[in-house]
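Chemist: Input: one structure, supplied below.
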Amino acid sequence: DWTLPLRRTLYIADRRALVAEQRAAERWHLTAVLGDDPGLHWLHARAAGARVNFIGPLGSGFDLPMTTRNLLVLAEPARLPALLPLVHAALDRGGHVTLLLHTVAQQDADLIRLLPLAVETRQAGSDEEWQGELGALTRWADYAALALPAALLPGVALQMRASRLRLDRGFAHVLADVPLPCTTGACLGCLIPLGNGRKTRACAHGPVFDLTDLVRL
């Protein structure tokens, strides 16, 4: 459909091998928020078995440190599925996972069903609740994965530094809150500001960044 020329970004919520007789194949579950995007609504309306054109996977993702025993996930509900592979990886290693959702809405039942039972889920709607939960959980965590709006990142970084006395590189990584329309770095639609005042292309150097690169402390 040439009325929808730009590609849309989908994130892998789950990937697993198919049945034994198809060992070379995998089934991927991809996720995106429909919203008012006509391209995503077009994709959602395709019938099972329809052929679509994909590029990917692309970019730099989360790299869960082998030493992680306590994983903290900070997300808004719409972007949480992008972090599910990280959650499964941490649990598979015998680790503990706590999810803190930034939302005032009631937890979505379909979203909660995607989470393993072993995940401890908390919710914070007000700024006071968010700061209180974040301070305690930051001290508990070995590693933090974030999928939050860019406006929240400076406050999160300051709270982490206050709770841990410092914010080291490698402790927290962020899924950039930007569109990735061309996937090649040519359109500059994915520019993201860095803490040093410069900007970089999220599709070429992300979309996952160290939190210390995105904020000025």
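Chemist: Of the options 100, 132, 153, report the single residue whose Cα projects farthest towards the positive end of the charge dipole of the stretch 90-217 (beta-carbon charges: Lys, Arg +1; Asp, Glu -1).
Modeler: Positive-most Cα among the choices belongs to 153.
Chemist: Just grab the label-to-label distance for residue 50 and residue 204, each label 7 Å out from Cα along the Cβ direction, in nm (one decimal).
Modeler: Taking the simple label geometry, residue 50 and residue 204 are separated by 3.4 nm.
Chemist: Magnitude of the Cβ-charge dipole of the chain, K/R +1 and D/E -1, about the Cα centre, nearest 20 debye?
Modeler: 620 debye
Chemist: Continuing with the same structure: Taking R0 as 45 Å, what's the FRET efficiency between residue 34 and residue 158 from their Cβ-Cβ distance, rounded to 0.05?
Modeler: Efficiency computed from Cβ-Cβ geometry: 0.85.
Chemist: With a cut-off of 20 Å, note down the residues of the stretch 71-103 whose backbone N falls inside the zone around a label point 7 Å from the Cα of residue 139 toward its beta carbon.
Modeler: 71-74, 96-101
Chemist: Still on this structure, please answer the following. Can you give me the accessible area per residue for the chain, using a 1.4 Å probe, in Å²?
Modeler: That works out to 59 Å² for each residue.
Chemist: Over the chain, what is the percentage of antiparallel beta bridges among all DSSP beta bridges, to the nearest 5?
Modeler: Roughly 40 percent of the DSSP beta bridges within the chain come out antiparallel.
Chemist: What is the percent carbon and sulfur in the accessible area of the chain, measuring with a 1.4 Å probe over the protein chains and ignoring ligands?
Modeler: Ligands and nucleic acids excluded, carbon and sulfur give 53 percent.
Chemist: Run the quick spin-label model on residue 191 and residue 110: label points 7 Å from Cα toward the beta carbon, then report their separation in nm to one decimal.
Modeler: That separation, rounded to one decimal, is 3.6 nm.
Chemist: Here is a follow-up. If I compute semi-axes √(5λ) of the Cα gyration tensor in Å from the structure I just sent, which labelled value in (1) 25, 19, 19; (2) 33, 20, 17; (3) 29, 22, 17 lines up?
Modeler: (3)
Chemist: List the trypsin sites (Lys or Arg not before Pro) within the stretch 48-103 that fall in a DSSP loop (any state other than H, G, I, E or B) and whose Cβ has at most 15 other Cβ atoms within 10 Å.
Modeler: Those satisfying the criteria are 51, 69, 93.
Chemist: Could you give the length gained by full extension between residue 117 and residue 70, i.e. 0.36 nm per residue of separation minus their alpha carbon distance, to one decimal place?
Modeler: 15.3 nm
Chemist: Among 123, 107, 159, which one moves the most in a GNM of the chain with springs linking Cα atoms closer than 10 Å?
Modeler: Largest GNM mean-square fluctuation: 107.
The values are calculated or read from the model by the stated rules, or taken from the named source; none is laboratory data. Note that the coordinates shown come from a computational prediction; the quantities given were computed from them, not determined experimentally. Quick reminder, even Gly has a Cβ in these numbers, built from the backbone with ideal geometry, and neighbours come from all protein chains shown. The area values use the complete protein model at the heavy-atom level, side chains included, leaving out ligands, DNA and RNA. Shrake-Rupley method; radii C 1.70, N 1.55, O 1.52, S 1.80 Å.
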